[in-house]
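The structure under discussion appears below in the form of structure tokens.
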Amino acid sequence: MYPFIFKPILKEILWGGTDIRPFKGLTPSEEKIGESWELSHVDGNCSVVANGTLAGTTLDELIETGGEQLLGEPVIRRFGKTFPLLIKFIDARDNLSIQVHPDDKLAWERHRSFGKTEMWYVVKAAPGAALYSGFGRPVDAGEYLRCVEDNRLMEALGRYEVSAGDVFFLPAGRVHAIGAGCFIAEIQQTSNITYRIYDYNRTDAEGNPRELHTQQAVEAIDYTFSPNCRTDYAPRRDEVVPLVQCPYFTTNLLDMTQPQTRDFSALDSFVIYICMDGQATLCDDQNHTLTVHRGQTVLIPARTQTLTLTPAPQAKMLETFVDAE
């Protein structure tokens with residue numbers, strides 16, 4: 001097994017923009033591409049290998065044949081043969097709906113699915129663009145329902161103007177939304193369960209409002225108030241900068257002008273690299289080499305012991321893996 005790049009799954013969506021294709025080095029078009037699913041094991045959206053001798057192989061087939069060598073024994077023990085993370089780029093030309101995701105317990109009870117904890121890394125943002133995360137003041141279930149009924153929900157949310165490099169961690173249960181003008185990378189649990197609770201009173205082409213899940217969300221929402229839902233960190237060049245550590249994924253930022261060698265001998269998990277900027281060559285302990293550029297995502301098998309990343313001349317990467325419990 002070697003480092004894998006997958007064919008992007010491009011999603012044409014009404015609220016999407018035109019920045020994803022050029023960001024990834026693809027031919028620009030006027031299609032409204034709202035999302036690029038970079039690495040997915042969601043039913044009906046299984047990623048396909050784009051490089052090397054296994055090009056054309058699905059992620060599902062890789063897991064069946066690679067097993068522990070690809071995922072790692074602790075990962076299989078926790079998640080079975082489901083790849084536990086979904087990696088996306090999202091280009092929001094318009095405001096996305098306000099939504100919440102259930103945790104593992106509620107998602108399993110209702111949908112026989114994983115819950116959805118996720119994080120956002122802002123790639124770029126238009127002036128004044130904002131993300132919504134959590135409530136801006138203490139709110140309980142009753143107040144939430146009153147806000148929805150009175151069309152006041154936006155007033156109750158935490159609104160954060162953003163710029164490139166901003167990070168938000170979104171545990172399951174946190175109400176959130178992506179505002180117009182935000183281009184982000186999203187790392188999330190493999191789950192497609194979303195409760196939509198407000199959609200700006202928009203209608204479709206036939207004049208019908210989108211389905212809302214106001215009541216289903218009551219039990220899913222975590223009403224704990226946090227005065228700051230932004231993840232604060234200090235950027236540093238040529239160091240591993242921790243961003244998020246949770247039971248589902250650990251994410252670091254590598255902003256490199258010099259080669260770095262990462263030692264994964266004690267990890268026993270796959271590792272994902274998402275290239276935010278620049279270009280780098282990756283070389284593992286089996287002498288497999290791969291050059292990646294901005295907009296590409298790479299899956300490093302769990303069997304990899306060490307990996308050297310050489311920027312050319314600079315590269316900014318998100319590094320993600322699953323820590324053993």
With N residues in region 121-187, what two-decimal value do you get for its Cα radius of gyration over 2.2 N^0.38 Å? 1.19
Would you mind calculating the relative contact order of the chain from Cα pairs under 8 angstrom and at least 6 residues apart, reporting the percent as a whole number? 19 percent
When the dipole is taken about the Cα centre of the chain, and only Lys, Arg (+1) and Asp, Glu (-1) are charged at their Cβ, what size is it in debye, to the nearest 20? 340 debye
Can you pull the percent of the chain's accessible area that's carbon plus sulfur, 1.4 Å probe, other chains left in place? 47 percent
What does the net charge come to around residue 237 if you take all other residues with beta carbon closer than 11 Å to its beta carbon, with K and R at +1 and D and E at -1? -1
Residue by residue through region 52-57, what is 3J(HN,Hα) from phi via Karplus (6.51 cos²θ - 1.76 cosθ + 1.60, θ = phi - 60°)? Round to whole Hz and write x for glycine and proline. x, 5, 9, 4, x, 7
CD proxy at 222 nm, helix term only [per DSSP H run n ≥ 4: -39500 (n - 2.57); per residue of the chain; nearest 500]: -3500 deg cm²/dmol
What is the spin-label model distance, in nm, from residue 192 to residue 180 if the labels are put 7 Å beyond Cα along the C-beta direction? 2.9 nm
Per residue, accessible area of the chain with a 1.4 Å probe, heavy atoms of protein chains only, in Å², comes to 43 Å²
Please state the charge dipole magnitude for region 45-200, taken about the Cα centre, from unit charges on C-beta atoms (+1 on K and R, -1 on D and E), reported in debye and rounded to the nearest 20. 100 debye
Karplus ³J(HN,Hα) for region 130-140 (6.51 cos²θ - 1.76 cosθ + 1.60, θ = phi - 60°; Hz, whole; x = Gly/Pro) runs 9, 10, 10, 8, x, 8, x, 7, x, 9, 10
Nearest-0.05 FRET efficiency for residue 216 and residue 155 at R0 = 22 Å, using Cβ-Cβ distance, is 0.50
With a 10 Å radius around each residue's Cβ, average the other Cβ atoms per peptide and rank 197-204, 181-188, 251-258, highest first. 181-188, 251-258, 197-204
Under 1.5 on a/c is rounded, so check that first for region 249-291, then, if it is not, pick prolate when a/b is larger than b/c and oblate when it is not; a ≥ b ≥ c are the square roots of the alpha carbon gyration tensor eigenvalues. oblate
Mind checking the full-extension length gain between residue 245 and residue 50? Use 0.36 nm per residue of separation minus the Cα-Cα distance, one decimal, nm. 67.2 nm
Once you place label points 7 Å from the Cα toward the Cβ at residue 73 and residue 289, how far apart are they in nm? 3.4 nm
Taking region 110-266, the whole-percent share of alpha-carbon pairs separated by over 21 angstrom is 55 percent
For the chain, with the dipole built from +1 on Lys and Arg beta-carbon atoms and -1 on Asp and Glu ones, taken about the Cα centre, which of 248, 82, 9 lies farthest toward the positive end? 9
Any of 11/105; 88/116; 32/316 with alpha carbons more than 21 Å apart? Name them for me. 11/105; 32/316
On a full-extension model of 0.36 nm per residue, what is the gain between residue 43 and residue 208, subtracting their alpha-carbon distance, rounded to one decimal in nm? 56.6 nm
Residues meeting the amide H criterion for residue 170 (H placed from the backbone, H to H distance under 5 Å, 5 or more places apart or on another chain) are 118, 119, 120
Along the charge dipole of the chain, which of 119, 108, 194 sits closest to the positive end, that is, farthest toward it, with unit charges on the beta carbon of Lys, Arg, Asp and Glu (+1, +1, -1, -1)? 119
For region 252-276 versus region 18-40, the gap between their alpha-carbon centres in whole angstrom: 25 Å
Label region 80-181 by shape, choosing from rounded, prolate and oblate, from the square roots a ≥ b ≥ c of the eigenvalues of the Cα gyration tensor; if a/c is under 1.5 it is rounded, and otherwise prolate applies when a/b is larger than b/c, oblate when it is not. oblate
For region 183-325, with +1 on Lys and Arg beta carbons and -1 on Asp and Glu, the positive-most of 229, 313, 291 along the dipole: 313
Report the Rg/Rh value for the chain, based on alpha-carbon coordinates and the Kirkwood definition of Rh. 0.96
What is the distance, in nm, between label points placed 7 Å from the Cα along the Cα-to-Cβ direction at residue 201 and at residue 228? 3.6 nm
Rounded, prolate or oblate (a/c below 1.5 giving rounded, otherwise prolate when a/b exceeds b/c) for region 1-160 by Cα gyration tensor: oblate
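The values are calculated or read from the model by the stated rules, or taken from the named source; none is laboratory data. Model, not experiment: these values are computed from the prediction. Counting neighbours? That spans all protein chains shown, and the Cβs are built from the backbone with ideal geometry, glycine included. Quick note on the areas: whole protein, heavy atoms, side chains included, nothing else; ligands and nucleic acids left out. Shrake-Rupley method; radii C 1.70, N 1.55, O 1.52, S 1.80 Å.
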